[in-house]
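Laboratory data are not the source of any read-out in this text; all were calculated from the coordinates shown. Just so it is clear, the structure is predicted and the values come from calculations on it, not from any experiment. Don't worry about glycine lacking a Cβ; one is built from the backbone with ideal geometry, like all the others, and counts go over all protein chains shown.
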Amino acid sequence: MWFANPWGLLAFLSIPTIVGIHLFHRRFPPLHIAGGHLWGLTEEIQAAGRKQERLPLTSTLLLELLAATVLSLAIAQPRWFEAGRAAHLVVLLDDSASMSATGTDGTTFRDRSLAKMTERVWELGSRGRVTVLRSGVRPTSLSDPNADTAEMEQQLAGWKPLQPKHDFADTWDLGAQLAGPDGDLIFLTDHLPADDAPVPQRMEVVAVGQSRQNVALADAQWSFDPIASATLLTVRIVNLGTMQTAVTLTGRVASSGQTVLRKKETIEGGRSVAVTGQLPTGLEELIIEIVSDGDGLQADNIVQLIEPVERVVTYAIDFPAESRVTEPLQRALNSIPSTQVADVAAADIVFTSAESLPVNRPAQWWIGFGPIAAPRPTEGSPPENERPIDLVGPYVLRKGHPFLDGVTLEGVVWGGIIPSGRVTAPLISAGTYNLFSQLAGSTENAYLLNIDLTRSNLVDSPDWPILLSNLIEQRRQALPGLRRWNYRLGETIQFAWGTEGGPNSSADGNTAELQLVHDGVSRSLPSTNVVEIPTLTKPGLYEIQAAGKRIDRFAVNLFDVEESNLTGLDSGNRPPKMETRTATALIDARHDWQTALLAAIALGLIVADWFVLRAPDRATTAGH
Amino acid sequence: MKDDPQVQRAVSQYQLGLPRSPVAGRAGELLGRGTGSSLEFLEHREYAPGDDVRHLDWAAYARSDALMVRLYREEISPRLEILLDASRSMTSGPEGIKSRLACQLAAMFGLLSGQTGGRPVIRVMDDSAKFPALELGELQLLSKLDFAGRETLPNLLAQRRFPLSRQSVRIVISDFLFPCDPAGLIRRLASDASVLWVVQVLHGWEADPRPMGGRRLIDVETRSELNLMLNPQTIERYRQRLAALQAELMRQCRRAHASFVTVTADDGLDRICRESLCPPGILRAG
């Protein structure tokens, strides 16, 4: 025997307390009589404590001692060896979207797996304990381990498997740890894992899936066309079955329900088609849905899209009018979409001479041309070590830098190089000369092109527009806000939370707290310059809020062809390779019949004691 | 109390067991010792001035030429005097069973006396003297007695706070559970009474106690306390003392030509009348 609440044993101190009370208390209850002289005085007993005498074992004393003992036991909650043992079942539920598919009988694989789980829970009996986990990149618990069957069913009622395809190994490992050496472990899925999968030895796999035809939305892109000042919607529909299927695609505006796109396509089995349509701006939110016969999974038939916003990069060319740099710069920048000329003070990126160093303004990128200003003699030729140098290569480009994506510098003569004593981080270098480098010490976004365009053919090479386009696009990505508004489940989402004078700073200079809100549930986001939103597992619309105001919003949809492919689903049962020892776990039940019984006995004893104590009082009026 | 069903039933079934020749009382239904106006002829005597001329025996005058007066037996109602002990000791017992029976007995004796034309007086032996004497028409006040007296019956008699009637039929209702000299008490009660009936009222546990373990006994009258183990030995001693008290009261009553009877309140009035009051002749079946 052991005690669930050993501190309750302190209640046994009530026993000597009761004995003491009986010893020192006037323990004779009063009895009102007439003719006291007939009872004499020779049998009078002095009150306890005046002299040492044996404690009479009255019924009251016995009842009170017994009640105290039973109550103390009830508080200490005694457990006999096997009384506190119950079977422990750990259920792992496949949370991938294919579990939401419907079988030919009309039931979803989710419902089938829950039915299987319910069977197992009933087999455990009332004392069984169940831990339910759902799979995912981060496995999570679906029900309270202490919940009874009814509570667990209530908690599981809201389970909607919608995750993209993911690895189950982490879930299996966690389940095996929770089950311990004695618990049962069962994995409910829609297909049996491969034979070489690292399935735990003691895990039973029950597959409830069924091969189905399915047509899915494999991708949906909604982009802004700055030339046409309209938006372009591109949807790819894939037939993941084996039979030709007629599909109807509709696109409607979420706010008004107006249908803006409707197309019918016939797709061969295993093939996909792309549907493209130009849509006007201002629709804000679009719902794309496909309908086909015999479709197995509804979750991949509908997506929500958020209208993209044109992210215009403003630039300023700050050269003297007679400069020969302005024209090739302007020509190349004109070919880059979603750019706009602005004042030097307001521009996102400034192209200027390197004669003067950039001001410290993190929100503005600075591209300097020519050598860094250095003290020179006012008359005469420059010193030998400051004479411009022309190079034809070879050039060393920093590998993988986004500015140099596509840049080769083949056949380029880099002219007018003047060595500079400033510390710079080279992006393009030749020998000891830094040709294109990032300035260090002043600002992170200041770059220096150590070149004299009049002595170089760079502006005539294909690398010139590529280099400028890379600069503009990188600047565009650094603009505050989301880079895109439509994502797929599991994709990493970044949100640029502006810096100098950006939207993250309130009027008093304090940084507002960012919140991510989905379906009325909000969670905090770190208020850094670039916010990386953790991997999302639920499709739908998400809002980014600061101080209760919406900053931006985006949509997350299930685009997972592998998960939408239901042809590989099957059913079956793979028993554990190794049986559990006892399939029981030591638990402490919340509702214990022994405690209840002891409490009832104690109550009965207290009531009996009350009646016994009350009897003498009644004698004063009832005549004994 | 006079409307009590048990009292009404007893009154309808019994009558007082009065002696054949009560000594005194107002004109009533019982024959007295003296001459009166009943129909029962007693004797002749010569006419004396002042005699009722309606009683002249004209036939005797014709025969003897002397005025003779016919004398008849007088008819009286006995003077009934009930001494009801209203001390606190009468409150012991379950739900005032003792005091209730005492009131029932007093009411019954009073009503039975009233049936014979008597004018009973109930003297409530209570030191508060709230209702010192109740007559036939005031029997309902018996139910208002609080039995809160602290003085014992002997003390009240010694203080002469209650004048006792001469030549009366005197009934004493008490538990006699107070320290006293039975000889002196009975002698005092019997003095100047033509008849004395003494009724001791106890309740069941007083008459026949049972062991109860340790108890703190509190005398309701004296408020004195004592802790006592109510074991068989203690109870036996109590019984012996009670029996000695009752025997002494009985002996003194016998010496005073009085009747002494002990009744147990738990038996109820009907059974008490039938089994306790009829055998000694206090009551007769009507």
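General observations
- Fraction of antiparallel bridges per DSSP, the protein assembly as shown only, in percent to nearest 5: 65 percent
- Environment charge of A:Thr281, counting only residues whose C-beta is closer than 10 Å and scoring Lys/Arg +1, Asp/Glu -1: -4
- Difference of contour (0.36 nm per residue) and Cα-Cα distance, A:Val344 to A:Ala115: 75.7 nm
- With helices as the sole contributors, the protein assembly as shown gives -7000 deg cm²/dmol at 222 nm; each DSSP H run of n ≥ 4 counts as -39500 (n - 2.57), and the sum is divided by every residue.
- Chain B: most fluctuating residue of B:Gly110, B:Gly118, B:Gly50 per GNM, C-alpha cutoff 10 Å: B:Gly50
- Net charge over other residues, Cβ less than 12 angstrom from the Cβ of A:Asn565 (K, R count +1; D, E count -1): -3
- Positive minus negative residues near B:Glu81 (Lys, Arg vs Asp, Glu; Cβ under 13 Å): +3
- Helix B:97-115 and the longest principal axis of the C-alpha atoms of chain B enclose an angle of approximately 0°.
- Inter-label distance, nm, simple model (7 Å from Cα along the C-beta direction), A:Thr492/A:Leu55: 7.5 nm
- Angle in degrees between helix B:232-255 and the longest Cα principal axis of chain B, rounded to the nearest 10: 10 degrees
- Here the calculated FRET efficiency for B:Ser128 and B:Leu56, from their Cβ-Cβ distance with R0 = 56 Å, stands at 0.50, rounded to the nearest 0.05.
- Inter-label distance for A:Lys549 and B:Arg166, nm, one decimal - labels placed 7 Å from Cα along Cα-to-Cβ: 12.1 nm
- Simple spin-label estimate for A:Ile336 and B:Asp270 gives 12.2 nm between the two label positions (7 Å along the Cα-to-Cβ direction from each Cα).
- Stokes-Einstein D in µm²/s, Kirkwood radius over Cα pairs - the range B:121-218 at 25 °C with 0.890 mPa s viscosity: 160 µm²/s
- Once the C-beta distance of A:Val137 and A:Gln258 is scaled by a Förster radius of 41 Å, the resulting FRET efficiency is 0.60 to the nearest 0.05.
- Whole-Hz ³J(HN,Hα) from phi, Karplus 6.51 cos²θ - 1.76 cosθ + 1.60, for the range A:225-234, glycine and proline x: 9, x, 6, 8, 6, 9, 10, 10, 9, 10
- If R0 is taken as 35 Å, the Cβ-Cβ distance between A:Gln221 and A:Asp105 corresponds to a FRET efficiency of 0.45.
- Taking 17 Å as the cut-off, the amide N atoms of the range A:384-414 that come nearer than this to a point 7 Å along the Cα-to-beta-carbon line of A:Arg455 belong to A:384-394, A:412-414.
- Percent of C-alpha pairs per 20 Å bin, the protein assembly as shown, short to long: 10, 20, 16, 12, 12, 13, 9, 5, 1, 0, 0
- For the range A:245-347, convex hull volume per residue from C-alpha positions, Å³: 155 Å³
- Unsatisfied cross-links (Cα-Cα over 30 Å) in the set A:Lys263/A:Lys549; A:Lys116/A:Lys538; A:Lys116/A:Lys264; A:Lys538/A:Lys577: A:Lys263/A:Lys549; A:Lys116/A:Lys264; A:Lys538/A:Lys577
- Solvent-free Debye scattering, log10 I(q)/I(0), computed from the Cα coordinates of chain B at q = 0.09, 0.12 Å⁻¹: -0.49, -0.78
- Dividing the mean sequence gap of close Cα pairs (under 8 Å, 6+ apart) by how many residues the range B:146-249 holds gives a relative contact order of 24 percent.
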